[in-house]
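Before any comments, here is the structure.
The values are calculated or read from the model by the stated rules, or taken from the named source; none is laboratory data. Everything numeric here is computed off the predicted structure, so don't read it as measured data. When we count neighbours, we look across all protein chains shown, and the Cβ atoms used for this are built from the backbone with ideal geometry, even at glycine.
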Ligand code: NDP
Ligand code: 2IT
């Protein structure tokens, strides 16, 4: 079975899961050479095996809203691969969640987690529950109800979920409470827990900070720094907020945030005070547009943030938020670096555009791996029941991001195709894939 025939099988069986097909093809397009160099990969059908999750658990979540009415949602956990460690990956609560979206996220997570150098397999889960417009009590009841089902299928050495879109510290705490209540075990079964009851310092900041640490390494390759560089950020959630904050710390000037309703531009740059205001405002589910009355700038309803002169773009909202046309706008506006905070924010066509135009492009599975990396550090802190300082964990995060950068660069130099610019996409795919593939060969066919 070749890589091509494995793709054909995925396309045939999962034609209704376009994001999953997109993620599979993106990885497949970069590993042909390393596959050919390692004949055992084909012999053991490694790629075909990795295209099919170990299992997909799918359940009903009943909960009661504030009016006493029963509501019904779907819940899933995709346990994709535990080749190199327990299944690990976030939970997403968003109305667009379906099995195909969670399979694309779980598939990406396998290679991302391998890149961290920590022993974690790949998984993802979530629900089509929409947290928008729900009261605190409704969110709590939903989280309890979700975990009432999910707890049967997870465990600290089996499958360790965390947050993603719509799931932050508050939701993780509610789910952990239900897990603890049902099982009587206080164990590291979820990461992103509150600090002081099992959580790790810097997990909240880790994805955004890690993204900018990765970017800093990309800049260093060209003897550059972030000082004085203009940065476009999309999203206004966890990843976007802390990416903007770290970019500011390193001397960058962030001029945009966005959300599902539009884009906020502040050409003076977002200061720490302004970022703090956004953190508080979004935590209360309020509109980004309110910023203009407070600090000035401009709110562009229904628009995306890729239309301004800048050096760096950090898409941190969701999948396929950067279209081919958006990518052309980035090229036109002088962007030289694109690093993905979100998972698969660039369409396949957008990736082609940025790579063809000599933009240094870091895929999410490398650039946003800081979040799951600190989750891995939370798991080990839970196991030994000792907690590390912010400074120590920040140092470890920086080291991990540098290692991911360097390993992706080296593999990109060996197997990549872009000319005059590091091929991080090929490098990250190859480096993550080879580790998992070697494990699968070692296991035989299980
Ligand atoms: P949050 O829920 O905190 O924030 C999501 C942000 O993205 C919000 O601003 C939201 O806008 C926007 N958004 C979500 N869906 C859409 C959509 N369909 N169209 C336009 N905007 C949208 O999530 P995170 O910040 O945690 O996650 C953002 C991205 O980063 C996701 O791709 C996630 O998978 C990825 N990621 C997250 C990690 C983590 O540790 N949290 C780790 C690695 C990757 P609005 O508020 O209007 O809904
Ligand atoms: O996409 C991701 O890497 C996450 N949402 C974080 C997963 C985790 O287990 O911390």
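Which residues, taken from segment 83-95, are without any contact (Cβ under 8 Å) to a residue 40 or more places away in the chain and either within 16 Å of ligand 2 (Cβ to nearest atom) or under 16 Å from residue 141 (Cα atoms) (or both)? Steps first, answer last, please.
Filtering segment 83-95 down to residues without any contact (Cβ under 8 Å) to a residue 40 or more places away in the chain leaves 85, 95.
Within segment 83-95, 85 is the sole residue that qualifies.
For segment 86-201, give me every one of the helices (runs of 4 or more DSSP H) that falls completely inside it and has 2 or more residues that are away from ligand 1 (no atom under 16 Å from the Cβ) and buried (at least 24 other Cβ atoms within 10 Å of the Cβ). Spell out how you get there, then give the answer.
Values: elements: 99-115, 136-150, 169-183.
In segment 86-201, 136-150 are the helices (runs of 4 or more DSSP H) which contain 2 or more residues that are away from ligand 1 (no atom under 16 Å from the Cβ) and buried (at least 24 other Cβ atoms within 10 Å of the Cβ).
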Qualifying residue in segment 54-77 (condition: closer than 30 Å to residue 402 by Cα and either in contact (Cβ under 8 Å) with a residue 24 or more places away in the chain or under 17 Å from the mean Cα position of the chain (by Cα) (or both)): no
Condition check for residue 445: surrounded by 24 or more Cβ atoms within 10 Å (Cβ to Cβ) and outside any helix (DSSP H, G or I): no
Meets criteria (surrounded by fewer than 23 Cβ atoms within 10 Å (Cβ to Cβ) and under 16 Å from the mean Cα position of the chain (by Cα)) for residue 208: no
Candidate set: segment 362-401, residues that are in contact with a helix residue (DSSP H, G or I) (Cβ under 7 Å, 6 or more places away or on another chain) and part of a loop (DSSP other than H, G, I, E, B); chosen: the one nearest to residue 113 (Cα to Cα): 369
Residue in segment 239-256 that is touching a helix residue (DSSP H, G or I) at 6+ places or on another chain (Cβ under 7 Å) and not in a helix (DSSP H, G or I) present: yes
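Here is a yes/no grid of residues against (1) under 25 Å from residue 97 (Cβ atoms); (2) at pLDDT below 95:
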residue	(1), (2)
4	no, yes
9	yes, no
19	yes, no
23	yes, no
28	yes, no
32	no, no
35	no, no
38	no, no
41	no, no
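Only one residue in 27, 34 is crowded, with 19+ Cβ neighbours inside 10 Å, within 23 Å of the chain's Cα centre (by Cα) and part of a helix (DSSP H, G or I), so which one is that?
Working: 34 fails: within 23 Å of the chain's Cα centre (by Cα).
Every option except 27 fails the conditions.
On the given criteria, is residue 412 assigned to a helix (DSSP H, G or I), surrounded by 22 or more Cβ atoms within 10 Å (Cβ to Cβ) and free of Cβ contacts under 8 Å to residues at least 24 places away in the same chain?
Working: assigned to a helix (DSSP H, G or I): yes; surrounded by 22 or more Cβ atoms within 10 Å (Cβ to Cβ): yes; free of Cβ contacts under 8 Å to residues at least 24 places away in the same chain: yes.
Criteria met by residue 412.
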Among the residues listed as 351, 404, the single one being surrounded by 21 or more Cβ atoms within 10 Å (Cβ to Cβ), within 13 Å of ligand 2 (Cβ to nearest atom) and part of a helix (DSSP H, G or I): 404
Filter pass, residue 212 being at pLDDT 95 or above, away from ligand 1 (no atom under 13 Å from the Cβ) and within 21 Å of residue 366 (Cβ to Cβ): yes
Residues of segment 37-48 classified as touching a helix residue (DSSP H, G or I) at 6+ places or on another chain (Cβ under 6 Å) and either farther than 13 Å from residue 442 by Cα or crowded, with 16+ Cβ neighbours inside 10 Å (or both), total: 5
